[in-house]
Amino acid sequence: MIRYRVESYVESNEPYLVARINTFEDEDEYDEGTLTQTTTDVAEMFMRVAKAIRVINDERGNLPDISDVEPQKLSFLVAAAMELESELKIELLEMRSTAERLRRLRDMLKRVISSYEERARLHTLAKGNGHGGKKIEID
Amino acid sequence: MDKVGQSRELPLFPLPTILFPGMPMPLHIFEPRYRKLLTDARETDSLFGLSYFDASAVDSDMAAGWAYRMRRRDYRSAKYYQTGVQTFWQSV
């Protein structure tokens, strides 16, 4: 997964763009313990959101297990799956710290998780259409 | 291109969406210039760059992206139509 930064565009006879690029990768993380914890947090929160979305969309089937996905790959997977502004996605793509990318994603997930779960709960209640035999609690 | 900090020339494939490394890349390559890009890449080191490009932005630039090296199975799995090449490659 080699990322690059465009240094300049190159004049060429080709009909497509050619650029001079410089490659970069995520830097090594020194605090493995914190990275592991953040990775676990992001994986858990992301699965909660994914489960809620599955309920909202009436989807069936199992979600893939992402608990063993390595931190950098998980950070790209979650960044790709989340609905974010383009500028924010670019920022996440350009970051050179897996831990920082995961921290940003954890903060974003924290903000949306309750909203998705509430929507899933209401969707389940709405499907029952009053025949569920339970008292409906709407906050 | 396996080293970090390496400077080189790279053909660019501009995309209207932001793809992340490791994710599936559904591409429909129909413009003759990008079909040529694929052919040229195949004849060299099979590398090309995927960069986000917002055509509607006034000062849009392709500041960053990531490089993808096509593999033999990518060429085999691509579907070649008169209207272009359809792929669903999985990057690594």
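The values are calculated or read from the model by the stated rules, or taken from the named source; none is laboratory data. Not measured: the values here are computed from a predicted model. No Cβ is skipped: glycine too gets one built from the backbone with ideal geometry, and neighbour counts run over all protein chains shown. Remember, those area values only see protein heavy atoms, side chains included, never the ligands or the DNA or RNA. Shrake-Rupley method; radii C 1.70, N 1.55, O 1.52, S 1.80 Å.
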Exercise. Rounded to the nearest 10 Å², what accessible area does B:E9 show when all protein chains are kept and the probe is 1.4 Å?
Worked result: 90
For this session: Name the long-range amide H neighbours of B:V85: under 5 Å, sequence gap of 5 or more, or other chain; modelled H, no Pro or chain starts.
Result: B:I29, B:F30
For this session: Pop a pseudo-label 7 angstrom from the Cα along the beta-carbon direction at both B:Y81 and A:K110 and give the gap in nm to one decimal.
Result: 4.6
Problem set entry | Difference of contour (0.36 nm per residue) and Cα-Cα distance, A:L84 to A:V10 | 23.5 nm
Exercise. Hey, what number do you get for chain A at 222 nm if only DSSP H runs of n ≥ 4 count, each worth -39500 (n - 2.57), divided across all residues, to the nearest 500?
Worked result: -18500 deg cm²/dmol
Exercise. Which of these, A:E70, A:E14, A:E117, has the largest mean-square fluctuation under a Gaussian network model of chain A (Cα springs below 10 Å)?
Worked result: A:E14
Problem set entry | Sulfur and carbon atoms: percent of accessible area, the protein assembly as shown [1.4 Å] | 50
Seminar exercise, completed: To the nearest Å², the heavy-atom accessible area per residue of the protein assembly as shown with 1.4 Å probe amounts to 60
Problem set entry | Cα Rg, Dmax (largest Cα-Cα span) when computed across segment A:29-127, Å | 14.3, 49
For this session: Compare each residue of segment B:16-39 in its chain alone against the assembly with all protein chains, and report those whose accessible area goes down by 30 Å² or more; 1.4 Å probe, heavy atoms.
Result: B:I18, B:F20, B:P21, B:M23, B:R33, B:K36
Problem set entry | Net length gained if the chain between B:L15 and B:D54 were fully extended (0.36 nm per residue, minus Cα distance) | 13.2 nm
Problem set entry | Binned Cα-Cα distance frequencies in the protein assembly as shown - 5 Å width, integer % | 1, 6, 12, 15, 16, 14, 12, 9, 7, 4, 2, 2, 1, 0, 0
For this session: Find, among the trypsin sites (Lys or Arg not before Pro) in segment A:1-108, those assigned to loop by DSSP (not H, G, I, E, B) with at most 14 other beta-carbon atoms within 10 angstrom.
Result: A:R60, A:R96
